[in-house]
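Here's the structure we're looking at; comments come further down.
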Amino acid sequence: AYNNYDSQGTKTFANVGKLTVAAGSVCDFSNKNQYGFGDTVFAGAGTIKTNGTMLVAGDTTAFDGVLDIAGGVIMGSVAGSFANASTIVNNGMMVCDAAGVFTYAQNISGNGLIKTGNGAGTEIDITGDISGFTGSFDAFKDSTVKLNTRLNDVVNLSHTGGAAGVIELNGDGTPQDV
């Protein structure tokens, strides 16, 4: 496991070509730092935990383990979306910040925030079971969050400045303004 316990600023892993987390292993970014991964490729079936903020643009399609978010993950590309993770536990902030469709078919639980970035043309399509997710959703102008799945009894919408996008519940084509 990689543990970063110092309290310096942003940690950049620009020269890491591939980060593989083996099944049964934990890669724990345990402090509140910001971690920049650039084009690093993520793979494996272990667990990635973060208390800081991970900036990810590289390909994560070979990672099918658990993504455990206590801080934040900002996904700068569709390929860097952790879409094949077996489970996402989001008690922090999950931001899809690139034009394109981010699709999540796995279970998502936790009490964090799932949102689009400020750029236009982002769509988050959640088809996995999120009945255990008690967090909130946010979409910015010209972006959409589609909740085409089993929902929790309460769906929390939140918006933090700027023009709002669309939150679509259960894919019925009826948008709800945030």
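The values are calculated or read from the model by the stated rules, or taken from the named source; none is laboratory data. Keep in mind it's a predicted model, so treat the numbers as computed, not measured. For neighbour counting, all protein chains shown are included, and Cβ atoms are generated from backbone atoms with ideal geometry for every residue, glycine included. Just the protein is used for accessible areas: all its heavy atoms, side chains included, with ligands, DNA and RNA removed. Shrake-Rupley method; radii C 1.70, N 1.55, O 1.52, S 1.80 Å.
Just one residue in the set Asp142, Asp125 is more than 20 Å from Ile69 (Cα to Cα) and at pLDDT 90 or above; that residue is Asp142.
Quick grid of which residues meet (1) touching a Ser or Thr at 6+ places or on another chain (Cβ under 6 Å); (2) crowded, with 18+ Cβ neighbours inside 10 Å; (3) assigned to a loop (DSSP other than H, G, I, E, B); (4) touching a residue at least 60 places away in the same chain (Cβ under 8 Å):
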position	(1), (2), (3), (4)
Phe82	yes, yes, yes, no
Ala85	no, yes, yes, no
Val95	no, yes, no, no
Ala98	yes, yes, yes, no
Val101	no, no, no, no
Ile108	no, yes, no, no
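Has the stretch 35-45 got any residue that is touching a strand residue (DSSP E or B) at 6+ places or on another chain (Cβ under 8 Å), charged (D, E, K, R) and within 26 Å of Ala139 (Cα to Cα)? No, because not a single residue in the stretch 35-45 is touching a strand residue (DSSP E or B) at 6+ places or on another chain (Cβ under 8 Å), charged (D, E, K, R) and within 26 Å of Ala139 (Cα to Cα).
Results for (1) closer than 17 Å to Val73 by Cα; (2) part of a loop (DSSP other than H, G, I, E, B); (3) at pLDDT 60 or above; (4) open to solvent by 80 Å² or more (accessible area, probe 1.4 Å), shown as yes or no for each residue.
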{"site": "Ala1", "(1), (2), (3), (4)": "no, yes, no, yes"}
{"site": "Ser7", "(1), (2), (3), (4)": "no, yes, no, yes"}
{"site": "Ala14", "(1), (2), (3), (4)": "yes, yes, no, no"}
{"site": "Thr20", "(1), (2), (3), (4)": "no, no, yes, yes"}
{"site": "Ala23", "(1), (2), (3), (4)": "no, yes, yes, no"}
{"site": "Cys27", "(1), (2), (3), (4)": "yes, no, yes, no"}
{"site": "Lys32", "(1), (2), (3), (4)": "yes, yes, yes, yes"}
{"site": "Gly38", "(1), (2), (3), (4)": "yes, yes, yes, no"}
